[in-house]
Amino acid sequence: MKRTLGTCYYPEHWPEHMWKEDARRMVDTGLTWVRIGEFSWSRLEPSPGDLHWDWLDHAIEVLGAAGLKIVLGTPTATPPRWMIDRHPDMLAVDVDGRPRKFGSRRHYCFSHMGYREECRRIARLLADRYGRNPHIAAWQTDNEYGCHDTTISYSDAARTGFRDWLAQRYQSVDALNRAWGNVFWSMEYASFDQIDLPNLTVTEPNPAHVMDFRRYSSDMVVDFNRAQVDEIKPRSDAPVSHNYMGRITDFDHFAVGKDLEIATWDSYPLGFLEDRVGASAAHQRAFARQGDPDFQAFHHDLYRAVGRGRWWVMEQQPGPVNWAPYNPAPLPGMVRLWTWEAFAHGAEAVCYFRWRQAHFGQEQLHAGLLRPDNQDAPGRAEARQVAEELRNAQSVQPTQAPVALIFDYQADWAWATQPHGVGLNYFGLIFDHYRALRRVGVSVDILPPDTRDFDGFAVVLAPGLIHLDPDLADALSNADAHVVYGPRTAARDQYFNIPDPLPPAIPKLNLTVSRIESLRPDIPVSLHGGGQVQHYIEEIEGDAEPLMTTETGAPVVLARESQLYCGGWLDDAALDRLVVMLAERTGLSTLALPDGVRCRKTATEEFWFNHTTATVDTPHGPLPPAGVLRRAL
Ligand code: GAL
C-alpha cells in the first residue's frame, strides 16, 4: 500500500485569496490529504437554519482543483453559541454538578437527545451536499471524543438515559438490587426512577453502580457517533473515520470503531511526555525533545486494532504545541522519525496539525508547517523530506507480530472504579508490559477482548482483565500460544462481585488468589533473582510450577505447561526477566537494543528508530540522533 501525507487546514481562518496558494504549497510539500471543516459550525450555520455553503463549496473546489484529497469533518465538537440558547441543558455537567460553559469546545453532553438530533441534522446536510463530491475522499465524525474529560457527564439527560439503560439491562429493580448488592448500607431501590448518578455521594458510591454508569457513558459515545454515521453512509461512498486521542480510555474505542472504516489518532509526542505518559522527571528530561520512545508506538498498535487494520495519524505534532506543562521544540529530525514510525506500524497516512500557525484563538502558540507570517516553519522541510523518501521507497508491508497484548477498555474502568491503591491503573500496567517487549525489539499486536483466535502468536499477554469473559477464558485456555494472565484476572464478575470459587479460576492452572495487598510505592517486594513487585501483590495457593518467587519464597509467577499466571505488578527488571523466560520457552527472538532505540519489523523489513540525543551503534552501522534505519530482512 502507498503511504501518504496530509495536513489539517482551516480555510475559515484565512482570507479566501490565500487558499489557492496554500493548496499549491501543500501539493508542493508532497501532501496528498487535507482535513477541513471540523470546527466550522458557526460559519456554516451562523443562526439556526441559515446555511452558508458558499465558502465551503469554494474551499473544496480550490483544494480539490490543486489535486488534494479532502477529509471532511462534521463540526459537532463545537456547537455554536445559539445552540446553547436552543438547548440550555445540553451542556455537560462535571462530577461536582457544575455545568461546563460555552467558550472553548466539546461543551456537550453525549446523552442529550436534542443535541444529538442537531448533530444528525448537520451531518445529513453536509452529506447531502458533499457526499458525492469527487474531492471528498473521507469523512471524520466530530473531533476527539472524550478529550478534555468529556465522556462522563452528570447531567439530567444522563440521569434519564441511565435509568432507561438500567431498566433494559436488568428488567426488574429487584434484579438490579441483587446484582449490585444494594442490601449493603440499605441502598435498595423500589423503582428505576429512584436511581441517581454516582456523584456527590457522602463517601464512595457502590462500585457496581459506578461501573454500570461508565458502561452507559461509553455506550452514549457509541450511539452519538453512530447517529452521524447513519446519516453519512447512505449519502457517500467515502470511508468514515474518527480521530481518537492518546491515553483516553473512558469509552470503548473498539465499539465506536466497529461503525467506522478507518481509525485515526492524534499524536503529540512531546505534549504527551509532559502531560500523560506518567514518567519520572529524569525520563522526561532525557526525552524532552523526542517524546517517550513507546507511547506513540503503543497507540499506533492500539488504533490499528480499533480500525481493524485501517488507521492513520490524523494530527501529527510538527513543532512545539501549546497545551502541555512545558512545550519544547522537537529535536531536528523527530518530525520525520515520528512519521516513519507510524508507517512502520502500518499507518496509511500521516497528517500534520496544522498547516499554518494561527494569529488568534487558544492555539496561537501551536506550531504549524508554516509560521503565522506564512514563512516555512522547520516542520515543513521534514514533511517534504518524508514525501520525497516515500516517492523513492518501496511500500511498507505489514505482518502479524509474534506477541499479542489484549487491551480491554472495561478493565480500565474496573481498575479506575476500584484501584485498591493510589496510582494503580490498568493503562499503566498494560503499558509496562508493552515497554518490556519493545526494550528487546519485539513487535506487538494489540487485540480487543472479543478476540477468540490466537493463531500465529507465540505469546499472548492478558494482564489485568478484572472481568474475564467466559468465551475469552476458553479461547485463552485452548490457545497454542503461551498465555500470561494476571494480576487481578477474573477478580470480579460482570456485576462487580467477587466470584466464588475465588479467582482466577483458570481451568488448566488450578490456582486460588487467597489474599491481595496494595503496596506503598516505598515498600515494594523484592524477588529472588532480581526485580521487584510494586504497587500490588497477590497471595497464591496452588501447585503450579513457580517461575518467580519473592525473596521469602512466595510464588509470584507460576506456570503449568504454556499457561502462566503473574500475581503482582512487576517492575521493569522483573518484566525483563519474564520476557526472557517467555523467549526461552517459545523461541521468540529478541534484540539487544541500546537505550532509547526501538525496532519494528514488517513483513520484509526492519526499522530502527533512535529516540535519543546521541549517535548509537547498531549492528547495521551508527544511527544518529533522531535517525531512522530501514533494512531489508
Ligand atoms: C488536538 C485537537 C486539535 C488541536 C490539537 C492541538 O487534540 O484535535 O484540534 O487542538 O490538539 O495540539
What spacing in nm lies between the two simple spin-label points modelled at residue 237 and residue 133, each 7 Å away from Cα in the Cβ direction? 1.9
Give the aspartates and glutamates reachable from residue 20 as a straight Cα distance under 18 Å; neighbours fewer than 8 places away on the same chain don't count. 12, 28, 54, 57, 61, 373, 376
What residues have an amide H closer than 5 Å to that of residue 616, excluding those fewer than 5 places away on the same chain, when H is modeled at 1.01 Å from N in the peptide plane? 623
³J(HN,Hα) across region 91-98 via Karplus (A = 6.51, B = -1.76, C = 1.60, θ = phi - 60°), whole Hz, x for Gly/Pro? 5, 5, 10, 7, 5, 8, x, 9
Where does region 201-317 land on the Kirkwood hydrodynamic radius, alpha-carbon pairs, in angstrom? 16.1
Compute the relative contact order of region 403-586 as a whole-number percentage, counting only Cα pairs closer than 8 Å that sit 6 or more residues apart in sequence. 19
Two decimals, Cα atoms only, Kirkwood Rh: what is Rg/Rh over region 403-586? 0.92
Report, in whole Å, the centroid distance computed from the Cα atoms of region 1-57 and region 598-633. 36
How much net charge surrounds residue 539 when only the other residues with a Cβ under 11 Å from the Cβ of residue 539 are counted, with Lys and Arg +1 and Asp and Glu -1? -2
What do you get for chymotrypsin sites (Phe, Trp or Tyr not before Pro) in region 48-82 restricted to DSSP loop and a cutoff of at most 14 other Cβ within 10 Å of the site's Cβ? 53
Per-residue ³J(HN,Hα) for region 22-35, Karplus 6.51 cos²θ - 1.76 cosθ + 1.60, θ = phi - 60°, Hz, x for Gly and Pro: 4, 4, 4, 5, 4, 5, 5, 6, x, 7, 10, 10, 9, 9
Amide H of residue 459 versus every other amide H placed in the peptide plane: which residues, excluding those fewer than 5 positions away on the same chain, fall under 5 Å? 404, 482
Surrounding charge for residue 145, neighbours by C-beta under 10 angstrom, Lys/Arg +1, Asp/Glu -1, total -2
Roughly how many Å is it from the Cα centre of region 309-333 to that of region 514-571, as a whole number? 38
How high is the relative contact order of the chain, in percent, counting Cα pairs under 8 Å that sit 6 or more residues apart? 11
How much length, in nm to one decimal, is gained on full extension between residue 497 and residue 188, taken as 0.36 nm per residue of separation minus their Cα-Cα distance? 109.6 nm
With contacts defined as alpha carbon pairs under 8 Å and 6 or more residues apart, what's the relative contact order of region 21-118 in percent? 27
Rounded to a whole number of µm²/s, how large is the Stokes-Einstein D of region 507-598 at 20 °C and 1.002 mPa s, given Rh as the Kirkwood radius over C-alpha pairs? 152
For region 123-183, report the % of Cα-Cα distances exceeding 18 Å. 64
Pull up all non-local amide H partners of residue 69: gap of 5 or more, or a different chain, and H-to-H distance under 5 Å with H placed in the peptide plane. 33, 34
Selected from 573, 325, 615, residue furthest toward positive end of dipole (the chain; charges at beta carbon): 615
Given the Cα-Cα distance of residue 399 and residue 474 and 0.36 nm per residue of separation, how much length would full extension add, in nm? 24.4 nm
Would you mind pulling out the separation of the Cα centroids of region 459-492 and region 413-447, in Å? 14
Return, for the Cα atoms of region 188-257, the radius of gyration and Dmax in Å, separated by a comma. 16.7, 52
Starting from the exponent 0.38 and prefactor 2.2 Å, build the expected Rg for region 78-163 from its residue count and divide its actual Cα Rg by it. 1.21
Rounded to two decimals, what is the ratio between the C-alpha radius of gyration of region 356-459 and 2.2 N^0.38 Å? 1.63
Taking the Kirkwood radius as the inverse of the mean 1/r across Cα pairs, report the Rg/Rh of region 575-633. 1.02
Qualifying GluC sites (Glu not before Pro) in region 477-576, DSSP loop, other Cβ atoms within 10 Å at most 12: 551, 561
Helix-only mean residue ellipticity at 222 nm, the chain, DSSP H runs n ≥ 4 weighted -39,500 (n - 2.57), per residue, nearest 500. What is it? -9500 deg cm²/dmol
Rg/Rh for the chain, where both radii come from Cα atoms and Rh is the Kirkwood radius: 0.97
Calculated from backbone phi, Karplus (6.51, -1.76, 1.60) coupling profile of region 603-609 in Hz, x at Gly/Pro: 5, 10, 9, 10, 9, 10, 10
Using DSSP to define loop residues, name the chymotrypsin sites (Phe, Trp or Tyr not before Pro) in region 339-392 whose beta-carbon has at most 16 other beta-carbon atoms within 10 Å. 360
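None of the figures in this text is laboratory data; all of them are computed from the coordinates on show. As the structure is a prediction and not an experimental result, all values here were calculated from the model. Positions of Cβ are backbone-derived with ideal geometry, glycine not excepted, and every protein chain shown enters the neighbour counts.
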